[in-house]
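A.B. asks: Would you mind keeping the following structure in view while I ask a few things?
The values are calculated or read from the model by the stated rules, or taken from the named source; none is laboratory data. If you're wondering where the values come from, they're calculated on a predicted model, not measured in any experiment. When the accessible area is computed, the model is the full protein with side chains, heavy atoms only, and any ligands, DNA or RNA have been set aside. Shrake-Rupley method; radii C 1.70, N 1.55, O 1.52, S 1.80 Å.
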Amino acid sequence: MGRGSVLELAPTEATILTCLGSRDAVDAAVAVSGLEAGRVARDEAMLIVPAGRDDELVAAVTAAVLPVDADALVIDTTDGWSIWTITGGEREMGSAMARLTALELPDPGFAQGDLARVPVKLFVARGSVRILVPSMWGAYLRARILERCSTLQIRERRPPRPWEVPA
């Protein structure tokens, strides 16, 4: 979206995997192509897989991790999360994020912390912030984003947006 663009909030579809294991095992999981990863801790990563590629990428991650750490786990945690994407121009995104969080956001990258008083994981790219929130907070966070950004004329998009892994 270009300068002066409208902010948009959309639900987002993806498969979310959690990888738990040694640092080397988690490094191997993060290195699998076709997914996006956020390092949650030394021994844990959140892996985001585009919907429709889940079986293929779960197999690839498992194949990469188990030779490194036979005790590592790769589990589908999709049901535990809701995903929202905010898109817009640089200025609009800056205004929205200033109303929602005190976090210093990477450009691009992964961050975790508080957004609208809710614990979240953020995948930041130019013109978009994809927000992963525990499912029990999904509807509440949606309402908070719309409320805090109402004067920015944020609009909702339906149907859900597919998760896209940057090239």
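A.B. asks: Average projected area of the Cα convex hull of the chain, in nm²?
C.D. replies: Averaged projected area of the chain's Cα convex hull equals 9.3 nm².
A.B. asks: Which value in deg cm²/dmol, rounded to the nearest 500, describes the helix-derived mean residue ellipticity at 222 nm for the chain, given -39,500 (n - 2.57) per DSSP H run of n ≥ 4 and division by the residue count?
C.D. replies: Calculated mean residue ellipticity at 222 nm is -7500 deg cm²/dmol.
A.B. asks: Quantify, in whole percent, the carbon and sulfur part of the accessible surface of the range 1-62 (1.4 Å probe; protein heavy atoms only). Write down the numbers at each step before the final one.
C.D. replies: Values: 1250 of 2680 Å².
Of the solvent-accessible surface of the range 1-62, carbon and sulfur hold 47 percent.
A.B. asks: I'd like the Karplus ³J(HN,Hα) series for the range 111-125: coefficients 6.51, -1.76, 1.60, θ = phi - 60°, whole numbers in Hz, and an x wherever there's a Gly or Pro.
C.D. replies: With the stated coefficients, the range 111-125 comes to 9, 9, x, 9, 9, 6, 6, 10, x, 9, 10, 10, 10, 9, 9 Hz.
A.B. asks: Helix 54-65: angle to the longest alpha-carbon principal axis of the chain, degrees 0 to 90, nearest 10?
C.D. replies: Taking Cα atoms only, the helix is inclined about 50 degrees.
A.B. asks: Further question: Apply the Karplus parameterisation 6.51 cos²θ - 1.76 cosθ + 1.60, with θ equal to phi minus 60°, to every residue of the range 25-37 and state each ³J(HN,Hα) to the nearest whole Hz, in sequence, with x for glycine and proline.
C.D. replies: Listing the rounded values in order: 5, 5, 4, 5, 5, 5, 7, 5, 7, x, 9, 10, 10 Hz.
A.B. asks: Around LEU7, which amide H atoms from residues at least 5 apart in sequence, or from another chain, sit under 5 Å from its own amide H, with H modelled in the peptide plane?
C.D. replies: Residues meeting the criterion, in which the H sits 1.01 Å from N, are ARG155.
A.B. asks: Where only protein heavy atoms count, and the probe is 1.4 Å, what is the accessible area per residue for the range 35-167 in Å²?
C.D. replies: 53
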